[in-house]
Amino acid sequence: MSIRNLSLVAAAISATALLTACGSMSPSMPMQAMFSQDSLPDAVKVPAGSKVAMETVGVGQITYECRDKVGTPGAMEWFFVGPDAALNNRAGKQVGKYYGPPATWEAMDGSKITATQLAVAPAGAGNIPHQLVKANPAMGMGAMNGVTHIQRVATKGGVAPATACTAANKGAREVVKYQADYIFWKAA
């Protein structure tokens, strides 16, 4: 066999080995089905013409403070002060954070958004409600650019403390753990 023919055979074997190796590779993460709103109450569904931009799992805490109940002299209540949570992707890697006030969702690239609540819906005993918010224009360039809505779904925990809120403990703060999925939507 000539050197030219040997080179052609070696190239063919190398190409075949490479194609075989690529064809047998499995993705590092299994394919996930796109988020579906089908099981959500209508009040917290994103309007038609939107597509999921990012799915995250928020894991953190919510702070409440014992304050006078607005409009009810002499009554006290636990008041939502604000959240502090890591936003993780479905593989568990932190991709952002959620904090407030004001409620702010910030990507690791520094882009961030605030939003206005549109609706809430019950999420079961002991869980903060599902929520739909309309995003304000993003600050900074990055993942949050173009986000129009955020849904809070699959909530676990986070409700106001069960301990009494009275004049005796006015001003006291309590921290409650919670978890929720935050689904970020953009116009399709």
Please give me the summed charge of the neighbours of Val44: other residues whose Cβ is under 15 Å from its Cβ, Lys and Arg +1, Asp and Glu -1.
0
Final fewest-first order of Val133, Val95, Val70 on the 10 Å Cβ neighbour count is Val70, Val95, Val133
In this model, which of Lys51/Lys93; Lys69/Lys186; Lys93/Lys170 are farther than 29 Å apart at the alpha-carbon?
Lys69/Lys186; Lys93/Lys170
Cβ under 14 Å from Ala115's Cβ, Ala115 left aside: what net charge do those residues give with Lys, Arg +1 and Asp, Glu -1?
+3
Summed side-chain charge close to Glu106 - residues other than Glu106 whose Cβ falls under 15 Å, Lys, Arg +1, Asp, Glu -1
0
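The numbers here are math on the coordinates, done by the rules we state, and not lab data. A quick note: this is a predicted structure, and the numbers were derived from the prediction, not measured. For neighbour counting, all protein chains shown are included, and Cβ atoms are generated from backbone atoms with ideal geometry for every residue, glycine included.
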